[in-house]
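First the structure, in the form of structure tokens, and then the observations on it.
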Amino acid sequence: MPLRDIDDVERLKKINAALVSRVERSMDQQGNAFSLFQTAISLENRVRMRTEELHATLRHLEQSNIDLSAAKENAEQANLSKTRFLAAASHDVLQPLNAAHLSVSALAEVQTSEEGRKLVLQVERSLQTMEDLLRTLLDISRLDAGVVQPEIVDVSLETLFSSLRSDFQPVAEIKGLGLRFRPVNIAVRSDRTLLRRILQNILSNALRYTRTGGVLVGTRQRGGIIRIDVADTGCGIPDEQREAVFEEFSRGKAPPGAELAGGGLGLGLAIVRRMAGALGHPVTFSSRVGRGTIFHVDVPLAFNAVVEPSPTPAEAERAPGYGLFGTKVLLVENDIDVLNAMGSLLERWRCEVRTATSTGEALETLGDTDWVPDIVIADQHLDNGDLGILTVAEARNYLGRDVPALIVTADPSQAVIAAARAAGIELMRKPLKPAQLRALLAHLLA
């Protein structure tokens, strides 16, 4: 029906309203579509911006990783250089320290007054403190660099305990403390030197922080594991310091009078943790403040667990018939101060000493057919690039027999130890302790 033929006003209003509503809906739909179009464009821009930011962040992370890798490599190289430097520096520093040890020992033997003996003792203690510090710093450096290669062998605990008793009994007596080692005839699998250092440091701490009572060292077997216990009646370790005691330069608070003179640097247990880690020997402890502490070191049982302890050098020295009087010693040492000090000490022991600084001089000395050495003592690093082990081999070849020999060196490398062992040569580290040197010489000449 044409619109002009409709005469109903109300009907016309309804038709108009419907038309207007349809137009409005159409406009709303168009507006919504345009709004959606604008939103899509905005989201696309945001995604593009975020993607660009993500790519930039990834490029930054890649560069950071490259920088970190380079820094890590530089740090490792610096650490290795530090280790090499400390090893070389320790050799140079230990040389004059060794000469001082030997000279002071010779000086002690000629002292007749009480005051002179006290002064010599003070010098010996100072030298020992210097030596301990140098060796500790070198040990930490080498352990951190991972260059320590443990030599796992069967270790007799009775022999080890006897050696530790000899070292620490005088310290305990000075402080009025008891020091007991329970007898044991068991062997464990470990590195003899590193295990000794672990127990030595724990014992040193136990005596340092104990005022009354004493220290007891014993063992317990748990299956294939031997637990070595070092128990003291000292001041104890608070719970909040359980981890801190293993950190460098961390020293526990001791009650008045509980510490030894000097006090230490707080490196003992840091060394213990590193050495125990290198050996795979767990170290734990239990403690009660004011009551004491027990340190536990778990070590694997040896395959041949029961052993007969061999005599220690100190026992060999006390054995009847051993002595150095008239012993002919060929001493090969390129450091003049060490040469003079060692020669003086050997002559004080009534040895007949001839000296050389290189392999060539040593062989010239042997050219005197009327003089044949009973033993050869040589430094490992000599003049002209000569090595003591090779010097001993040349001397033995010249003499036509395996004369007893001893290498004394400040070189801590495992290669030197292995070469000496392969050649059947004893080895001692500088600085030498005169009493140990004399005992070893007596043992070799027995």
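The values are calculated or read from the model by the stated rules, or taken from the named source; none is laboratory data. Small disclaimer: the values here were computed from a predicted structure and weren't measured. Reconstructed Cβ throughout: ideal geometry from the backbone, glycine too, with neighbour counts over all protein chains shown. Protein only, heavy atoms only, side chains kept; ligands, DNA and RNA dropped before computing areas. Shrake-Rupley method; radii C 1.70, N 1.55, O 1.52, S 1.80 Å.
Here Ala71 qualifies as modelled with pLDDT of 65 or more, of a type in the set (A, V, I, L, M) and surrounded by 10 or more Cβ atoms within 10 Å (Cβ to Cβ). Scanning the range 77-99 turns up no residue that is at pLDDT 75 or above, open to solvent by 30 Å² or more (accessible area, probe 1.4 Å) and not in a helix (DSSP H, G or I).
Quick check: is even one residue across the range 412-419 β-branched (Val, Ile, Thr) and touching a residue at least 60 places away in the same chain (Cβ under 8 Å)? Yes, the range 412-419 contains at least one residue that is β-branched (Val, Ile, Thr) and touching a residue at least 60 places away in the same chain (Cβ under 8 Å). Residues that are part of a strand (DSSP E or B), of a type outside the set (D, E, K, R) and out of contact with any Asp or Glu (no Cβ under 7 Å at 6 or more places or on another chain) within the range 266-294 comprise Val283, Thr284, Phe285, Ser286, Ser287, listed in sequence order. Within the set of pairs 6 or more residues apart or between chains, which connect a residue that is under 18 Å from Leu346 (Cα atoms) and open to solvent by less than 80 Å² (accessible area, probe 1.4 Å) inside the range 104-131 to a residue that is modelled with pLDDT of 75 or more and small (Gly, Ala, Ser) with Cβ atoms less than 6 Å apart? Filtered contacts from the range 104-131: Ala106/Ser344.
Would it be correct to say that Arg242 is modelled with pLDDT under 90, among the basic types (Lys, Arg) and more than 20 Å from Leu177 (Cβ to Cβ)? Taking the combined requirement at face value, the residue satisfies it. Taken over the range 421-436, the criterion of being free of Cβ contacts under 8 Å to residues at least 60 places away in the same chain and open to solvent by less than 60 Å² (accessible area, probe 1.4 Å) is satisfied by Ala423, Gly424, Ile425, Leu427, Met428.
All of Gly146, Gly176 fail the test of being surrounded by fewer than 17 Cβ atoms within 10 Å (Cβ to Cβ) and at pLDDT 80 or above, apart from Gly176.
For the range 311-356, a residue qualifies if it is modelled with pLDDT under 85 and outside any helix (DSSP H, G or I), and the qualifying residues are Pro311, Thr312, Ala319, Pro320, Gly321, Tyr322, Gly323, Leu324, Phe325.
Residue selection: Val307 fails the criterion of being at pLDDT 60 or above and in contact with a strand residue (DSSP E or B) (Cβ under 8 Å, 6 or more places away or on another chain). Would you confirm whether or not the range 395-402 contains a residue that is surrounded by 20 or more Cβ atoms within 10 Å (Cβ to Cβ) and modelled with pLDDT of 85 or more? Within the range 395-402, one or more residues are surrounded by 20 or more Cβ atoms within 10 Å (Cβ to Cβ) and modelled with pLDDT of 85 or more.
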